[in-house]
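Chemist: Starting off with a structure, shown below.
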């Protein structure tokens, strides 16, 4: 009985610990909008099937002598660009650092495949850039904004913008970390750059800005934290349920044993009573025989 109870508790405890460890290790920073693992797997499959072989013949552009057919995508981050008007931003896709033998050699840009047929992938790779510092810039942004409650990655070549916009509880307007200059500027200064760029001769808005894409399937600003918290909660509930089931099973077995022992006691009493009656009857007969 004790062994069974301990086993149930042990299973529950292991499930809870695994969930907690998973929640702490999956995504490095929950303030950043990362792609789901399933999305990364899909993008990796697209890269392996349609790009790896071709890019392997152009490896000099990616500062590597290795075999790009062995390259792997690591955690992708949501990418935002400037809207058609004003100072708003919209999500266009995800960028995944491309690593080979532990070294980042490029960036895989993935967007939602709006023209996908029934058998087509939901996502498509639009470019594999030799930009090889995205993972570094991500860690730098989190270092620059330790108290930020949310960090957004903005990369819009049309506006010559690449960096991270962060908001804190004390600075709701936010600041922008410019990865080109490695400086942090007020967001109003970035807005000024956007306005100035729009006034430059020959400037035209990106086609993406004409039809903003609303992405699905990503761990949003709070989605990553919520999803991990949800898993921990479910695992905790499962642990409690397993513990309760273990206790119920133990009580049920004890009740069964108690009932069995009770019935066994009654049976033994009946057997003793019957035995005594038989002995008495036998003694009576023996006495009668003796008198005869």
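The values are calculated or read from the model by the stated rules, or taken from the named source; none is laboratory data. Keep in mind that this is a model prediction, so the values were computed, not measured. Positions of Cβ are backbone-derived with ideal geometry, glycine not excepted, and every protein chain shown enters the neighbour counts.
Chemist: Looking only at segment 77-129, how many residues end up being assigned to a loop (DSSP other than H, G, I, E, B) and modelled with pLDDT of 95 or more?
Modeler: 0
Chemist: While we're here: In this structure, is residue 127 over 25 Å from the mean Cα position of the chain (by Cα), more than 23 Å from residue 181 (Cα to Cα) and either in contact (Cβ under 8 Å) with a residue 24 or more places away in the chain or surrounded by fewer than 20 Cβ atoms within 10 Å (Cβ to Cβ) (or both)?
Modeler: yes
Chemist: Step by step: first the residues of segment 72-114, then only those that are without any contact (Cβ under 8 Å) to a residue 40 or more places away in the chain and in contact with a helix residue (DSSP H, G or I) (Cβ under 6 Å, 6 or more places away or on another chain), then the one that is surrounded by the most Cβ atoms within 10 Å (Cβ to Cβ). Which residue is that?
Modeler: 73
Chemist: Which of the residues belonging to segment 149-180 are part of a loop (DSSP other than H, G, I, E, B) and under 21 Å from residue 204 (Cα atoms)?
Modeler: Scanning segment 149-180 gives a single hit, 160.
Chemist: While we're here: Could you say which residue among 31, 69 is in contact with a helix residue (DSSP H, G or I) (Cβ under 9 Å, 6 or more places away or on another chain) and without any contact (Cβ under 8 Å) to a residue 24 or more places away in the chain?
Modeler: None of the others qualify; the one that does is 69.
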